[in-house]
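Read the structure below first, then the notes.
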Amino acid sequence: MEDIKDLIKLKASEYASLTGLSLNTVKNRIRAGVLKGGKEEDGIWYVYLTREEVEYTKGVAQSQEERDKNLQSSLEGLKSTLEGSLIATYMSALMQKEQQKEQLLHELSSLYTLLAIREKEMEFLLKELASVKEKLREKEEENRQLKDQVKEREKRIKELEELLKEKGYMLNQKELEIQRIVLEKDRELLSKEMELSTLRMELEKKKKKD
């Protein structure tokens, strides 16, 4: 691949003038990669050509210019007679048609170039769209997994709440049982104290008698 430094820079407008193309056509061909070139820091569009390409392009332009001059000279000569004037008029009209045809061909070439650019842009946008869809699908999958996790956590919380209720009920039952046992022990203790008090009283009575 040739280095740009080894190429000759030609203004796009100059290249358009040499080739008979419109400036927009040249710019579009640069954008599409048909021609090497680009817009530089000075704001001017350039075409990069090898020395051989420059010489060939200038040679073709000079040859076309010479042909046009010769044809124009011939037409001027023909205009000197009536018959020649008619032929010249016909030739002039023919030249105009050829120029129009050439211009239409250039415009068609420009349209094809623009179409190629739009196709590349469309291809890029389709790739971007596919990438966005893939990311969206991944996010939807992540959301689905998160929803499943939330449902699982909610289910676990409900199970723990039920377990906690059950444990609380069992704890209340245990507390009631303990209270009942304590009351029974208190009754037994009170009964024993009463028996002990009665025995003490009887013992004291016996001592007094003795």
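Figures for the structure shown
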read-out: Residue count, the range 1-32 (criterion: touching a residue at least 60 places away in the same chain (Cβ under 8 Å) and either in a strand (DSSP E or B) or out of contact with any His (no Cβ under 8 Å at 6 or more places or on another chain) (or both)); value: 5
read-out: Residue match in the range 43-52 (condition: on the phi < 0 side of the Ramachandran plot, in contact with a helix residue (DSSP H, G or I) (Cβ under 7 Å, 6 or more places away or on another chain) and modelled with pLDDT under 85); value: no
read-out: Condition met for L35 (outside any helix (DSSP H, G or I) and either out of contact with any His (no Cβ under 9 Å at 6 or more places or on another chain) or exposed (fewer than 15 other Cβ atoms within 10 Å of the Cβ) (or both)); value: yes
read-out: Cβ pairs under 8 Å, 6+ apart, first in the range 116-140 and touching a residue at least 12 places away in the same chain (Cβ under 8 Å) and on the phi > 0 side of the Ramachandran plot, second among the charged types (D, E, K, R) and surrounded by 10 or more Cβ atoms within 10 Å (Cβ to Cβ); value: none
read-out: Selected residue [modelled with pLDDT under 90 and among the polar types (S, T, N, Q)] from Q173, Q145; value: Q173
read-out: Residues of the range 101-142 classified as charged (D, E, K, R) and modelled with pLDDT under 80, total; value: 7
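The values are calculated or read from the model by the stated rules, or taken from the named source; none is laboratory data. Computed from a predicted structure; not experimentally measured. Methodologically, a virtual Cβ is constructed for each residue, glycine included, from the backbone with ideal geometry; neighbour enumeration extends over all protein chains shown.
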